[in-house]
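See structure below.
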Amino acid sequence: MKKIFFFACTISLVFMSCDGRNRMHQSNREVLESANLLESFSTRVYFVPQEEVKIHTDTIMSSGFHVKLNYNSIEGQFVSKTEVTKGKTQTKIHFKNFEAQLSVLKQGQLLTHSLINKSLFKEYATPDFWEQAIMQHVWLNHEQSTAEMVCLNTSFRILNTNTFKDFSILIDTFGNLKIKEVNLLPNTI
C-alpha cells in the first residue's frame, strides 16, 4: 500500500511541476519559436478573388456572328505574392488565373470552339512574364468586328506593376483564329 501511495504522490508531483511557469516571462513570439510554430501562426493566406468567378456573355451580332464567352477563374492555379509587415507577419496573396471558353457561330453553324488562356499566347512573351501574369479581361470588340470577322480583345498583366500585354483575337468566317499583339503606348521620339 505504501508503494502505491508513494507512486501516486510522485506522479502528482510530476504533473504539478508541468504548469508552464517557465514560459510565464516569455512573449508569445518566443513561446511559438521554441515550439517551432511561429511560421504557421505568422502567415496569413488570402485568395483573390475569394469566390469562384464566372461571367457568361452571349452576343448575336447583326453580321450573323453569334459569340459565346464563358470567362471564369481557375481553381488551383494562381500567382502568389508575399508581403511582410512590420511585425514580421507574412501575408501570402494567391491571385487566381482566368480562362475563357469561346464559341463562335455564323448563321447557326459552329466556326470555332477554343480555350483562351495563357498558353494560347506563349510565343508573344517570355516564360517569366507568363508565370507572373494574370488574364484581366476578354471582351468582344464591336468597333473592329466586320461582316467577315469577329474581333475579341484580351489583356494580361503582372500584378502590382505597369507591365502588361494586350492582344486582339480575330476569327474569320472559316473559323481561323489570328492573334495580334496590340501596343497601346503612344509612339515617342
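The values are calculated or read from the model by the stated rules, or taken from the named source; none is laboratory data. Keep in mind the model is a prediction, meaning the values are calculated, not measured. Neighbour counts are summed over all protein chains in view; Cβ atoms, including those assigned to glycine, are modelled from backbone coordinates with ideal geometry. Surface areas here come from the heavy atoms of the whole protein model, side chains and all, with no ligands, DNA or RNA. Shrake-Rupley method; radii C 1.70, N 1.55, O 1.52, S 1.80 Å.
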Worksheet item: What is the spin-label model distance, in nm, from Ser114 to Ile74 if the labels are put 7 Å beyond Cα along the C-beta direction?
Response: 1.6
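Expressed as a whole percentage, what fraction of the accessible surface of the stretch 64-189 belongs to carbon and sulfur atoms when a 1.4 Å probe is rolled over the protein heavy atoms? If you can, show how the numbers build up before the last one.
Values: 3680 of 7360 Å².
On the stretch 64-189, the fraction of accessible area on carbon and sulfur atoms equals 50 percent.
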Worksheet item: How much accessible surface area, in Å² rounded to 10, belongs to the heavy atoms of His56 with a 1.4 Å probe?
Response: 130
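Provide Leu105, Leu115 ordered by accessible surface of protein heavy atoms (probe 1.4 Å), highest first.
On the way: Leu105 35, Leu115 65 Å².
Sorted by accessible area, descending: Leu115, Leu105.
Can you classify the stretch 117-165 as rounded, prolate or oblate using the Cα gyration tensor, where a ≥ b ≥ c are the square roots of its eigenvalues, rounded means a/c under 1.5, and otherwise it's prolate if a/b beats b/c and oblate if not?
On the way: a/c = 3.30, a/b = 2.02, b/c = 1.63.
In terms of gyration-tensor shape, prolate.
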Worksheet item: Quick one: length gained pulling Val45 to Phe6 fully straight, 0.36 nm per residue minus the C-alpha distance?
Response: 8.9 nm
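Any number yet on Rg/Rh for the stretch 100-189, C-alpha, Kirkwood?
Values: Rg = 14.3 Å, Rh = 14.2 Å.
Radius of gyration relative to Kirkwood radius: 1.01.
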Discussion item. Please report the accessible area of Phe129 (heavy atoms, 1.4 Å probe, ligands and nucleic acids excluded) in Å², nearest 10.
Written reply: 20
Worksheet item: Considering only protein heavy atoms, what per residue accessible area in square angstrom results for the stretch 127-186 with a 1.4 angstrom probe?
Response: 58
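In the stretch 47-97, how many lysine pairs have Cα atoms under 26 Å apart, counting only pairs 8 or more places apart or on different chains? Present the calculation step by step, with values, prior to reporting the outcome.
Numbers: Lys54/Lys68; Lys54/Lys81; Lys54/Lys92; Lys54/Lys96; Lys68/Lys96; Lys81/Lys92; Lys81/Lys96; Lys88/Lys96.
Final tally of qualifying lysine pairs is 8.
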Discussion item. If R₀ is 25 angstrom, what is the calculated FRET efficiency for the pair Met61 and Asn183, using the beta carbon separation as r and rounding to 0.05?
Written reply: 0.40
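Looking at the stretch 50-109, I'd like the Rg to Rh ratio, where Rg is from alpha-carbon atoms and Rh is Kirkwood's inverse mean 1/r.
Working: Rg = 18.8 Å, Rh = 14.4 Å.
When Rh is taken as the Kirkwood radius, the ratio is 1.31.
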Worksheet item: If you rank Val79, Val84 by how much accessible surface each has, with a 1.4 Å probe, what is the order from largest down?
Response: Val84, Val79
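In debye, nearest 20, what is the charge dipole magnitude of the stretch 35-189 about its Cα centre with +1 on Lys and Arg Cβ and -1 on Asp and Glu Cβ, if you could check? Before the final figure, lay out each step's value.
Numbers: 15 positive and 15 negative charges, 76 e Å.
Around 360 debye, computed over the stretch 35-189.
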